[in-house]
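The values are calculated or read from the model by the stated rules, or taken from the named source; none is laboratory data. Quantities reported herein were computed from a predicted structural model and do not represent experimental measurements. With ideal geometry, Cβ positions are generated from the backbone for all residues, glycine too; neighbour counts draw on all protein chains shown. Areas reflect the complete protein model, heavy atoms only, side chains present, ligands, DNA and RNA absent. Shrake-Rupley method; radii C 1.70, N 1.55, O 1.52, S 1.80 Å.
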Amino acid sequence: EAITTLRTWKNSYLDVRAKIEASGRDARWEFDRRRLFEKTDYMSSICQDLFNIAQVMEEFYNIFGPELKAVTGEPERIEEVLQRVDGLIEPFEQVKFDIWNIKNQTQWRQVMNWFNQEVLLIESEAKHFIDDSFKTLRSAEGAFDMILNFRHIRSREAINSQMMKKFNEILTQFMKEVDLMDAMFKEGINNPPIYKNQPPVAGAIAWSRSLFHRNKRTVLRFKTLEEMLQGELGVVAKEHYLNTARQMKAFEDKLYENWLQNVENTLNTHLKKPILAIGISPSHDLDSEGHDGGDQAQTGTPQYYVNFSPELTEIITETKYLEQLGFMVPELARNVALQEEKFSRYVDGLKRMLQRYYDALGLLNAAEMQLLDDHIKDLQRVLRAGYKRLNWNSLGIPDFIGRCSHAIGKFESLVNQIQKNADDINSRLNMIENADMFKMPPALTGGLPRDAKDYFEYIEIHRLKTIETLSQKYRAIGPLLTKMEGLVVNTNTGKSTKLKSYYSYWEKRAFDAMNKMVLNNLTNFNNQLQTRMLFSVDAMLSPPDIIVNPPYNELFKHLMQSVR
């Protein structure tokens, strides 16, 4: 704008002068042009120099930008060049004369001459740098894109023309990249690296295609410049790329054909397998939820697991991924893949049902397992259809899960009632086991113990009350066992042969409780005799003897009676 303004002044003068002379009305219209335009012409030239300086700086910054750093991989050298570019304007920022004063024209010319020489030096260094960098390119595609961009942005003509000569170096780098992809392909062809959760066949094909597309993307960019692949080196590079691409395509086709040959037979085999199996599951996980079934194994209970083959899951996943990759898949495989959600629902339902089954059995001890043996067998008869009749093509799987869940629910209810009664019996036996038959009487005023007679009378009265209470608790155990008989075999005789072993279990528990009660009380009483004062006796001095009331033999008699 400054240049235009200054030049407009001179052009306006010349236009007016020409009009006046053309009219012929006045004499020749002329003034001293030096006085009129010397200063403005000089200022215009200074403005032009400043414009040229800004343009040169912009051109350098356009060249040495992030794109060149990314392509060459030598940001340090580029930064060094940019520092020199930044240094070009330092003399202009530090001038100590008025650049607009025509008297300082010589000094200004000296500064401009220095600037132009530095620009030439930087251009020369930049050309050497570009020559060196293009011999060790990091990315053929990036270098190609950068050169195409230089065709559309303002940059130094000398450097730009140098850039336009680098297509051969880019093609050389592209062939190196093709060789790298080819080496990676051959290295991993026997054991392809597969992304997480991808199936083996589709994962291997996806890996091969990822290598192929790295090269293909660069080729597609090259095709935007018609002459790029038409030269001698371009033809060689293109053929090199196609040879590698053909190997990758053959690898994909072989994997796909092998999968296609086996998929239908494999599907039919696994879909006809029963939905449940007995034994150790392939994952050593009987209920597929972390239950090891150890207690059931010890009692001879069959160990069930969901018999949904991992190969089925793999085929479903392969089918979905292969379709996404553009391959045709058999109709059977597609139909199975479309039922993935249904199969997943069935498997989860079966796992939860078996988990409930094993959780219910896990609550039982050996005696309860034997007590409920008939009910467990009834439950197993319901489960039998899962490993005898139903397979993964069956339509009755939801009904089977429902029947099993209902039967397990009834069994859980029975187990809860049995264990509730068992807990009640246990609590009564624990009272017997922990009964205190030698409870200390309360001390007299002042903390003095009672005399021997009061002590033994208190012990006897407390013991009789305790025994009466415990007898009531013990007598209530019989009705509880009769109630269990009603729950298990629907009789209330109290003499069911099916509960014989269960009766024996509780008889032993009752004997153990009474035995422990006796031993614990005798041990505690013996400790009390040795560690504390239980009662008092009267002692009278009658030289040379001491008379004790009650006598020793009577005390011994009371002690022995209390212990017995």
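Taken over segment 306-338, the residue count meeting the criterion of being touching a helix residue (DSSP H, G or I) at 6+ places or on another chain (Cβ under 6 Å), among the hydroxyl-bearing types (Ser, Thr, Tyr) and either outside any helix (DSSP H, G or I) or open to solvent by less than 40 Å² (accessible area, probe 1.4 Å) (or both) is 2. Can you confirm whether Asp348 is at pLDDT below 90 and in a helix (DSSP H, G or I)? No, not satisfied. Taking Ala206, is it in a helix (DSSP H, G or I) and surrounded by fewer than 18 Cβ atoms within 10 Å (Cβ to Cβ)? Against the criterion (in a helix (DSSP H, G or I) and surrounded by fewer than 18 Cβ atoms within 10 Å (Cβ to Cβ)), Ala206 does not qualify.
Charged (D, E, K, R), at pLDDT 90 or above and surrounded by 13 or more Cβ atoms within 10 Å (Cβ to Cβ), is that true of Glu412? So Glu412 passes the test.
For segment 388-405, the criterion of a residue being closer than 30 Å to Glu468 by Cβ and among the β-branched types (Val, Ile, Thr) is satisfied by no position. The set of residues in segment 459-514 being closer than 14 Å to Ser427 by Cα and either assigned to a loop (DSSP other than H, G, I, E, B) or in contact with a strand residue (DSSP E or B) (Cβ under 8 Å, 6 or more places away or on another chain) (or both) consists of Ala476 alone.
Table: residues versus (1) at pLDDT below 90; (2) loosely packed, with under 11 Cβ neighbours inside 10 Å.
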position: Tyr195; (1), (2): yes, yes
position: Gln198; (1), (2): yes, no
position: Val201; (1), (2): no, no
position: Asn215; (1), (2): yes, no
position: Leu220; (1), (2): yes, no
position: Val235; (1), (2): yes, no
position: Tyr241; (1), (2): yes, no
position: Trp259; (1), (2): no, no
position: Thr269; (1), (2): no, no
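In segment 271-302, the residue that is most open to solvent (accessible area, probe 1.4 Å) out of those that are modelled with pLDDT of 90 or more and part of a loop (DSSP other than H, G, I, E, B) is Lys272. Residues considered: Asn421, Asn416. Of these, the only one that is in contact with a helix residue (DSSP H, G or I) (Cβ under 6 Å, 6 or more places away or on another chain) and outside any loop (DSSP other than H, G, I, E, B) is Asn421.
Listed here are the residues, each with its yes/no results for (1) hydrophobic (A, V, I, L, M, F, W, C); (2) open to solvent by 40 Å² or more (accessible area, probe 1.4 Å); (3) more than 21 Å from Asn365 (Cβ to Cβ); (4) within 57 Å of the chain's Cα centre (by Cα).
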{"position": "Thr466", "(1), (2), (3), (4)": "no, no, yes, no"}
{"position": "Leu470", "(1), (2), (3), (4)": "yes, no, yes, no"}
{"position": "Tyr474", "(1), (2), (3), (4)": "no, yes, yes, no"}
{"position": "Lys483", "(1), (2), (3), (4)": "no, yes, no, yes"}
{"position": "Ser501", "(1), (2), (3), (4)": "no, yes, no, yes"}
{"position": "Ser504", "(1), (2), (3), (4)": "no, yes, no, yes"}
{"position": "Glu507", "(1), (2), (3), (4)": "no, yes, no, yes"}
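The C-beta contact set for segment 223-245 (first residue in a helix (DSSP H, G or I), second residue among the polar types (S, T, N, Q) and modelled with pLDDT of 80 or more, distance under 9 angstrom, 6+ apart or interchain) comprises Tyr241/Asn215; Tyr241/Thr218; Thr244/Asn215; Ala245/Asn215. Inclusion of Leu372 among residues that are modelled with pLDDT of 90 or more and not small (Gly, Ala, Ser) is not warranted. Among the residues that make up segment 56-77, is at least one of them within 60 Å of the chain's Cα centre (by Cα), assigned to a helix (DSSP H, G or I), at pLDDT 75 or above and aliphatic (A, V, I, L, M)? Yes, segment 56-77 has at least one match.
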